[in-house]
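Comments concern the structure below.
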Amino acid sequence: VADTVNLTEEHALQAIEKAQEIQNTIVRIVVPDPQDIVAQTVGNIPGKVAQMLYENKLSLEISTENALLEVPNSSLNGIVEDFYFNLIPVKAESERIEIENRARTEEVVRDILGTNDVHVLARPMVIETNLPSRPVDITLPLKDVTLPTNEVERQAFLNSLAVYIEHSDGEKKVVYPEVVKLENDTFSLRFKVNEFGTFTLLQMDQDVI
């Protein structure tokens, strides 16, 4: 199953008016998937809509069950061409194992984390776009991850997490994310990128930390 969302100028105008009415600074596209059957979500944004959002000092969010993309207002400046985001959650266990094996052999993982003893948590996300290189915030939920109930142990667990990034141009990076606690007492990890590819949450051996 694939979901495609087209943010038309008409819909964007309605969203802008509503955002201004409630004094919000964000236009948000929410794509629900309560049965967890969606294999990919494509969001299409016309260049004209990007200009409308920028001129009205609004940011753009695309929210799915597996990832949240936040395009700040400053990153919409000067966009005239239509762009898209294609979000593909990696659900197959075999693919997760392949990513984990690649991470364990990467020198950048050892250099940044001090260990190759890592494990893949939650679902890796493949995010594709034709958006020019601009800062975008990505938030990945700790989906299907059971956290320790003890506060000290939970914090140690969260401190052991990192994001392994395989950019589409072949570059590989590791970043430490910001831990975000949501209203329903669940946790997500937020980080900033300029390029896209495959994003994977890693848990380090806590003895190394």
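The values are calculated or read from the model by the stated rules, or taken from the named source; none is laboratory data. The model shown is predicted, which means the values in this text are computed figures rather than measured ones. Cβ: placed from backbone, ideal geometry, glycine included. Neighbour counts: every protein chain shown. Keep in mind that these areas ignore ligands, DNA and RNA; they rest on the heavy atoms of the full protein, side chains included. Shrake-Rupley method; radii C 1.70, N 1.55, O 1.52, S 1.80 Å.
Quick notes on this structure:
- Within the range 28-81, the set of residues being at positive phi, open to solvent by 70 Å² or more (accessible area, probe 1.4 Å) and among the small types (Gly, Ala, Ser) is empty.
- Failed criterion for residue 119 (all others in (1) under 18 Å from the mean Cα position of the chain (by Cα); (2) not in a helix (DSSP H, G or I); (3) not small (Gly, Ala, Ser) hold): (1)
- Restricting attention to the range 176-209, the residues that are of a type in the set (Val, Ile, Thr), surrounded by fewer than 16 Cβ atoms within 10 Å (Cβ to Cβ) and farther than 20 Å from residue 72 by Cα total 3.
- Positions within the range 150-177 being outside any helix (DSSP H, G or I) and among the small types (Gly, Ala, Ser), in sequence order: 160, 162, 168, 170
Conditions (1) without any contact (Cβ under 8 Å) to a residue 60 or more places away in the chain; (2) out of contact with any Asp or Glu (no Cβ under 6 Å at 6 or more places or on another chain); (3) open to solvent by 30 Å² or more (accessible area, probe 1.4 Å), marked per residue:
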position: 92; (1), (2), (3): yes, yes, yes
position: 110; (1), (2), (3): yes, yes, yes
position: 113; (1), (2), (3): no, yes, no
position: 165; (1), (2), (3): yes, yes, no
position: 173; (1), (2), (3): no, yes, yes
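- The one condition from (1) of a type in the set (S, T, N, Q); (2) open to solvent by 50 Å² or more (accessible area, probe 1.4 Å); (3) in contact (Cβ under 8 Å) with a residue 40 or more places away in the chain that residue 105 does not meet is (3).
- From 128, 98, residue being closer than 25 Å to residue 1 by Cβ, in a helix (DSSP H, G or I) and open to solvent by 50 Å² or more (accessible area, probe 1.4 Å): 98
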